[in-house]
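Shown next, in structure tokens, is the structure this report addresses.
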There are 2 protein chains.
Amino acid sequence: MKEKQTSHVPVRPDERLARLVRLAARGFNRALQLRLQTENVTFGQWIFLRILWQEDGLSQRELSDRAHLTEPTAHTALIKMEELGFIERRNVEGNKRRQHAFLTRKGLELRDVLEPLALEVNDAAMAGLSKKAQEDLRHALAVMIRNLENDEQDAAARGVRVPPTKGNTEN
Amino acid sequence: MKEKQTSHVPVRPDERLARLVRLAARGFNRALQLRLQTENVTFGQWIFLRILWQEDGLSQRELSDRAHLTEPTAHTALIKMEELGFIERRNVEGNKRRQHAFLTRKGLELRDVLEPLALEVNDAAMAGLSKKAQEDLRHALAVMIRNLENDEQDAAARGVRVPPTKGNTEN
DNA sequence: GCATTAAAGATAGATATCTAATATTAGATG
DNA sequence: CATCTAATATTAGATATCTATCTTTAATGC
């Protein structure tokens, strides 16, 4: 446990909340990746697989929207996934613009292997939290997410250019 | 509001928690970056500045530990920050290995500008949450973080190679 | 129906992160 | 005190993400 708990200098509680949220997100990510790698699936692939298990045959645009990722990101992930044989990309009904992604047998079968891993992570994370605490937690997170979305939209309305949020889920 | 709320197919509540945490983390990141960019400070720079404001003169290793980032990441960030005149890197007391980072006047002065921005984000995020709800939230997050840390250590103990957690704070 | 506009995807280039390998300095040990 | 080991920093290379731009196809308006 090398975790140095903000040693001597006190940290304002306000400040700490954002960090806690980021640390928790990081914990989830790492715990999940740890499990996914045993099946040779990356985190990014998991994201799109999960969406396709719910709604197969979405277009690249629809996928990137649902994943909250940009199209180039979806593009490269999907190309890779096609290479790996998880999906097949093709046009449908005479529309040559849209590239729809369809799960292959292999992609479908991954569901039974991978979904339990995600549930395992959730269970591990919530150990020791009562049902009520979990419910309250979800509610509080939902409120914060909405608050922060509004904040971003207000900013955008004021003409601020919103930059990408890069990798760090930590601090 | 293009947010398509998991349309028709129900999502298991368990699954949703991890996503909520990641979305909240993303919200915090974006909201903060939005503000930092008006001062031409990147998120990564903010991370190290914040640490140095608490403890000036830390070594690169100490900084990367506290930031939960790798040394190469800290290295490039610090080099850039030196270029920008936020810090000065130098050895101390005859130890030629350690590279310590010291805030310049400019780096110090940023504190008064940047810290209020972070508090603003926290305030925005917590709008509509009671003091108690906030306290419970912190507690629940702390529990999850600890749970997930233990999970990772268990995995490591079993000899699993822990991969990096890449950018996506989203899904 | 032809020309313009919009939609969707692909590509190029930048950034931040990671792992792995290398170099340098300090400390420990025979 | 010479050599080995550990600590620290640096460099190189890979990956995933982003923005911006370009290309292709569809839809719209005269």
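Once the Cα-Cα distance is subtracted from the 0.36 nm per residue extended length, the B:His139 to B:Arg98 segment shows a gain of 11.1 nm. The value of relative contact order for segment B:14-83, using C-alpha pairs under 8 Å at least six residues apart, is 22 percent. In summary, the aspartates and glutamates within cross-link reach of A:Lys96, defined as a Cα separation below 19 angstrom excluding same-chain residues under 8 places away, comprise A:Asp56, A:Glu62, A:Glu71, A:Glu82, A:Glu88.
Backbone phi angles across segment A:130-145, fed through the Karplus curve with coefficients 6.51, -1.76 and 1.60 (θ = phi - 60°), yield HN-Hα couplings of 5, 3, 5, 4, 5, 5, 4, 4, 4, 4, 4, 5, 4, 4, 4, 4 Hz in residue order; Gly and Pro are listed as x. At a temperature of 20 °C and a viscosity of 1.002 mPa s, determine how fast segment A:39-127 diffuses translationally according to Stokes-Einstein, using the Kirkwood radius over alpha-carbon pairs as Rh; express D in µm²/s, rounded to the nearest whole number. The calculation lands on 159 µm²/s.
In nanometers and ordered shortest first, the copy-to-copy spacing of the B:Glu109 label point, defined 7 Å from Cα toward Cβ, is 6.5. In nanometers and ordered shortest first, the copy-to-copy spacing of the A:Glu88 label point, defined 7 Å from Cα toward Cβ, is 6.7. A label point on B:His75, set 7 Å along the Cα-to-Cβ line, lies at 3.2 nm from each of its counterparts in the other copies, closest listed first. Which of the aspartates and glutamates could be linked to B:Lys132 by a straight reach, that is with a Cα gap under 16 Å, when you skip same-chain ones fewer than 8 residues away? Once the sequence-local aspartates and glutamates are set aside, what remains near B:Lys132 is A:Asp14, A:Glu135, A:Asp136, B:Asp123.
No lab work stands behind these numbers, since they all come straight from the coordinates. The structure displayed is predicted, hence computed values, not measured ones. Every residue, glycine as well, gets a Cβ built from its backbone with ideal geometry; the counts of neighbours run over all protein chains shown.
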